[in-house]
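Peer 1: What follows is a single structure, and I will ask about it in a moment.
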Amino acid sequence: MSRDERERLEAYRRKKRRERLWIGTTQVALLLAFLLGWEVLSRGKILDPLLFSRPSLIAETIARLAAEGELGTHIAVTVLETIAGFLAGTAAGVLLAALLWFSPFWARVLDPYLVVLNSMPKVALGPLFIVAFGSGMTAIFMMALAVSVIVTTLVVYGSFQATDPNYLKLARSFGANRRQLFTTVVFPYARPAILSALKVNVGLSWIGVIVGEFLAAKAGLGALIIYGFQLFNFHYVLTAVVLIALLSAVMAAAVDRLVRRFER
């Protein structure tokens, strides 16, 4: 690499670092402005503090629950259920998509059923899961799985089908069988879609777990929301909502970082 090329590369890297810095600074500034506005409006009674709480009260609630030892339990239960649902939903969706690709007949047979299942409101299945699996973590896990697996299957199978036919023809010309086509052409071609499905599944898994906890849990952030509603204590409700937002953001950032490593 020549000196000019190294200088251009270094200038490009500096530009990217500045862009990331500005983006991060703007994101933090927007968050702080939102929290400050929320605090001011609540203290000025423009927003009802009973219904909307305020950041300082939420911070006090978090500190109190942490001191009492309850908060760690709620967070651990919800995070464990979400990670389990995320991993299982992604793995099951990719596996089902692969099976459909290997069997075009069953892919055509099951296509309308998958579309119907995808459009069905998964929340409606909650009571069925409770009856089938009991009021516990299994029902919540199945709820998270149901929310994410069909979407993953459709997205990944669609990416399998979108493989460039020229690549398939080239592989067939070298005598590749269907299994070899999948492992050497189709699956690598679909890797960006699979990695994108990981990002989508983070949010879907959180939705499934929280809805499941609304219906069946005795511990977890969803259960804390229901507990707050029962006491008409919206500080608890908004505390749980804020924690869910923070934890989901952390999980999404971790998955995004993992995806970027695989995309290199």
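The values are calculated or read from the model by the stated rules, or taken from the named source; none is laboratory data. Being a predicted model, the structure only gives us computed values, none of them experimental. Here the Cβ is made from the backbone with ideal geometry for all residues, glycine too, and neighbour counts use every protein chain on show.
Peer 1: Every residue in the range 80-117 that is among the polar types (S, T, N, Q) and either more than 14 Å from VAL156 (Cα to Cα) or outside any helix (DSSP H, G or I) (or both), please. Outline the logic, then answer.
Peer 2: Within the range 80-117, the subset among the polar types (S, T, N, Q) is 82, 90, 103.
THR82, SER103, listed by residue number.
Peer 1: Among the residues that make up the range 214-222, is at least one of them under 23 Å from THR138 (Cα atoms), of a type in the set (Lys, Arg) and assigned by TED's automatic domain parsing to the domain that holds LEU65?
Peer 2: From the range 214-222, those under 23 Å from THR138 (Cα atoms) are 214-222; that's our starting set.
Add one more test, that the residue is of a type in the set (Lys, Arg), and what stays is 218.
Then keep just the ones that are assigned by TED's automatic domain parsing to the domain that holds LEU65; that gives 218.
Checking the range 214-222: at least one residue is under 23 Å from THR138 (Cα atoms), of a type in the set (Lys, Arg) and assigned by TED's automatic domain parsing to the domain that holds LEU65.
Peer 1: Select, from THR73, THR90, the only residue that is within 26 Å of ALA249 (Cα to Cα), surrounded by fewer than 16 Cβ atoms within 10 Å (Cβ to Cβ) and among the hydroxyl-bearing types (Ser, Thr, Tyr). Talk me through it step by step, then tell me what you get.
Peer 2: On the way: THR90 fails: surrounded by fewer than 16 Cβ atoms within 10 Å (Cβ to Cβ).
The match here is THR73.
Peer 1: Picking from ALA176, ALA190, ALA216, which residue would you name as being at pLDDT below 85, within 27 Å of PHE102 (Cβ to Cβ), out of contact with any Cys (no Cβ under 7 Å at 6 or more places or on another chain) and not aromatic (Phe, Trp, Tyr)?
Peer 2: Values: ALA190 fails: at pLDDT below 85; ALA216 fails: within 27 Å of PHE102 (Cβ to Cβ).
Only one candidate passes the filter, namely ALA176.
Peer 1: Quick one: which helices (runs of 4 or more DSSP H) lie wholly within the range 1-70 and hold at least 3 residues that are more than 24 Å from LEU221 (Cβ to Cβ), over 27 Å from the mean Cα position of the chain (by Cα) and modelled with pLDDT of 85 or more?
Peer 2: Working: elements: 3-43, 49-52, 55-68.
In the range 1-70, the matching helices (runs of 4 or more DSSP H) lie at 3-43.
Peer 1: Would you say LEU246 is at pLDDT 90 or above and out of contact with any Lys or Arg (no Cβ under 9 Å at 6 or more places or on another chain)? Spell out the reasoning first.
Peer 2: On the way: at pLDDT 90 or above: yes; out of contact with any Lys or Arg (no Cβ under 9 Å at 6 or more places or on another chain): yes.
Against the criterion (at pLDDT 90 or above and out of contact with any Lys or Arg (no Cβ under 9 Å at 6 or more places or on another chain)), LEU246 qualifies.
Peer 1: Can you list residue pairs whose Cβ atoms sit under 8 Å apart, with the first residue in the range 171-198 being closer than 18 Å to THR152 by Cα and assigned by TED's automatic domain parsing to the domain that holds GLY89 and the second being of a type in the set (Asp, Glu) and in a helix (DSSP H, G or I)? Count only pairs 6 or more apart in sequence or on different chains.
Peer 2: PRO192/GLU263; LEU195/GLU263
Peer 1: Right, here's the next one. Would the range 123-141 turn up any residue that is in contact (Cβ under 8 Å) with a residue 12 or more places away in the chain, assigned to a helix (DSSP H, G or I) and closer than 28 Å to PHE105 by Cα?
Peer 2: So far as the range 123-141 goes, no, none of its residues is in contact (Cβ under 8 Å) with a residue 12 or more places away in the chain, assigned to a helix (DSSP H, G or I) and closer than 28 Å to PHE105 by Cα.
Peer 1: Of the residues that sit in the range 97-133 and are farther than 21 Å from ILE83 by Cβ and among the small types (Gly, Ala, Ser), which one is modelled with the lowest pLDDT?
Peer 2: The residue in question is ALA124.
Peer 1: Could you tell me whether the range 148-162 includes any residue that is assigned to a loop (DSSP other than H, G, I, E, B) and of a type in the set (S, T, N, Q)? Before you say what the answer is, go through the steps one by one.
Peer 2: Of all residues in the range 148-162, those assigned to a loop (DSSP other than H, G, I, E, B) come to 162.
The next check asks that each one be of a type in the set (S, T, N, Q); those that pass are none.
Checked against the condition, which is being assigned to a loop (DSSP other than H, G, I, E, B) and of a type in the set (S, T, N, Q), the range 148-162 yields no hits at all.
Peer 1: Further, regarding this structure: Being touching a Gly at 6+ places or on another chain (Cβ under 8 Å) and among the β-branched types (Val, Ile, Thr) narrows it down to one residue among VAL200, VAL186, VAL209; which is it? Step through it out loud before you land on a result.
Peer 2: Values: VAL200 fails: touching a Gly at 6+ places or on another chain (Cβ under 8 Å); VAL186 fails: touching a Gly at 6+ places or on another chain (Cβ under 8 Å).
Exactly one residue qualifies, and that residue is VAL209.
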